[in-house]
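Data first, discussion second: the structure below is written as structure tokens.
The values are calculated or read from the model by the stated rules, or taken from the named source; none is laboratory data. Remember, predicted model here, so these are calculated numbers, not experimental data. Backbone-built Cβ (ideal geometry, glycine too); neighbour counts: all protein chains shown. Please note that ligands, DNA and RNA were not included when accessible areas were found on the heavy atoms of the full protein model with its side chains. Shrake-Rupley method; radii C 1.70, N 1.55, O 1.52, S 1.80 Å.
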Amino acid sequence: MTEMWSTPGGWTLLTSVGILIVTVGILLSLAFLLLLDRKIWASVQMRKGPNVVGPFGLLQSFADFFKFVLKEIVVPAGADKVVFILAPLITFVLAFIVWAAIPFAPGWVISDLNVGILYIFAISSLGVYGIIMGGWASNSKYPFLGSLRSAAQMVSYEVSIGLIIINVILLAGTMNLSAIVTAQEGWFWNWFGFGGGLDSWPLLIVMFPMSIMFFVSALAETNRPPFDLPEAESELVAGYQVEYSSTPYLLFMIGEYANIVFMCAMISLLFFGGWNPGFPIDFAAEWPPFLVNFLLFLVFAAKIVFWFFMISIVKAFVPRYRYDQLMRLGWKIFLPTSLVAVVIVAAWRVFVVGG
Amino acid sequence: MLQGIAFYLMSAVAVLSGLLVVTARNPVHSVLWLILAFFSSAGLFVLLGAEFLAMLLVVVYVGAVAVLFLFVVMMLDVDFVRLREGFAAYLPLAAIVAGVLLAEMVMISIVVAQGGAAADAVAPALATADTTNVEAIGRVLYTDYVYVFQAAGIVLLIAMIGAIVLTLRRKESVRRQDPGAQTNRDRRTSVEIKGVTTGVGVTGEELR
């Protein structure tokens, strides 16, 4: 049975099934996370939120889905038709292929790349094209202004995200995501957000602020409030999405939310132990491997939901940044701080840990 | 066989999109084709086993440099008709440059194929099962070529400082925000409580 999976045909079948499971799984969980987002937002504002479709409004996202799909696609006159349709497709596809390198549990990964982090960083740096192409192809003022803002914002915060990721790479000594999570095994003080182990506890002072900075940069990178300037409705109507309707708009929307969930997964993987529950799991050594993996996957999913909750809460009670403040935060505060952190962590690795 | 198909597919896409970069009527489309060309080249790097270079190509060129290209091209008011005018006039010069480049590349390819040029060079550190691509590049870059590497870094730093010095102009007339001063403001310096008599209101004297 195991030999069958290593043949080209078996490998292709296994990978295709894996891709299918991950894609459908993410799409389904997005439907409920979107509802969760709206419910949290409603609770903070003392409203009920969507509660009509299905019990507690559980089917609201599906109703919205059909509403979007059944409406007419309006392509504005003077728009660059090919680029106009291509832009949401690019956003959607990029938001999903990035999950290929994410390990969900020990061994549960579509492609265990040696340069996993770089792959993820490369694909998420491409995300800006969907927005900038959509804004330009609409042939309209507000979408164009929104997309220019967004491009500058995403390029700026990518710099600080990259430098923060370097800290984790230095601590783990590898770019393979599974290996990074394995390096955080055992008690929760081994998580990189807490310094990565008792023998390097002073790094807590550097790494914990880094994890918070990663969270804030993730908000800016995914254009979430308080950094939702590309679609600031009071200034730009809806930014790059103004001219989009029905399915293309839906694709933008799903891509955006998939990116948010992906960033939650990244925070959990890089700083908070991924699938590690925070205590040694030696007692489960005799348990069936599939059950253990499934429980660890649930731990990982719980962490993702926790960070998604944090992002929703931020949306509910933090006012929007002004554009110059956003740029100041990115270039004058985050960039120098993360640069200093890289120097400190690298020095710690060389002079304290050695080699 | 699968590798062969992937190679021909990606190189065909790279060459085609390269051709479309120069022939596309709209400069924004040119940049988009250029991005596709970069992306296919990254794919070719992966086929060579140089996944680190491939990812860097995507991060640096596609993710940052091409975005700036796109920015500039979108913002500029390009007159397409005037842009086309000089096409025939520059054709002979362009043909000569392209011919020289082609001849050079063919010569290099022949020499490399015969193994002549690689004879004295440092043997390339191939990624094996236990050393990854990143590790192999890191070991060479920070040992054999460390001085060249540092020099390249300093050149880039100087270029960056130069660009900042050339473009940074402080206008005295522009009022800037000082976040430190804003957060350090307290109630005593910014708010003053005045007793206002009911029915009398505030006189001009009190407002001052």
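Rounding to the nearest 10 and keeping the result within 0 to 90°, find how far the Cα-based axis of helix A:289-317 lies from the longest principal axis of chain A. For A:289-317 against chain A, the angle is about 50 degrees.
Protection proxy ranking of A:341-352, A:273-284, A:240-251, by the mean of other Cβ atoms within 10 Å over each peptide's residues and highest first, is A:240-251, A:273-284, A:341-352. Relative contact order of chain A, taken over Cα pairs closer than 8 Å and 6 or more residues apart, is 22 percent. Thinking of region B:7-79 as a set of Cα atoms, what percent of all their pairs are more than 13 Å apart? It works out to 65 percent of all Cα pairs.
Computed over the alpha-carbon atoms, the protein assembly as shown gives an Rg to Rh ratio of 1.00, Rh here being the Kirkwood radius from the mean inverse distance.
Rounded to the nearest 20, the size of the Cβ-charge dipole of the protein assembly as shown about its Cα centre is 1740 debye, with Lys and Arg at +1 and Asp and Glu at -1. For region A:133-240, the extents of the C-alpha atoms along the principal axes are 57, 25, 18 Å, listed from largest to smallest. Taking only Cα atoms, what is the 0 to 90° angle, nearest 10, from helix A:141-172's long axis to the longest principal axis of chain A? For A:141-172 against chain A, the angle is about 0 degrees.
Which whole number gives the average count of other chain Cβ atoms within 10 Å of the Cβ atoms across peptide B:51-64?
Working: counts 6, 4, 1, 4, 11, 4, 1, 7, 10, 2, 0, 5, 13, 5.
Partner-chain Cβ atoms within 10 Å, mean over residues of B:51-64: 5.
A Förster radius of 51 Å combined with the Cβ-Cβ distance from A:W201 to A:K141 puts the calculated FRET efficiency at roughly 0.40.
In this rough spin-label picture, where each label sits 7 Å from Cα along the Cβ direction, the B:V65-B:V165 distance is 2.5 nm.
Ordered by solvent-accessible area of protein heavy atoms (1.4 Å probe), largest first, the residues A:W331, A:W41, A:W307 come out as A:W331, A:W41, A:W307.
Relative contact order of region B:7-79, taken over Cα pairs closer than 8 Å and 6 or more residues apart, is 30 percent.
With N counted as the residues of region A:1-160, its alpha-carbon radius of gyration over 2.2 N^0.38 Å works out to 1.31. Taking every lysine pair in the protein assembly as shown that is 8 or more places apart or spans two chains, those with Cα atoms closer than 18 Å amount to 4. Once the Cα atoms are used to define both axes, helix A:335-347 deviates from the longest principal axis of chain A by about 20 degrees.
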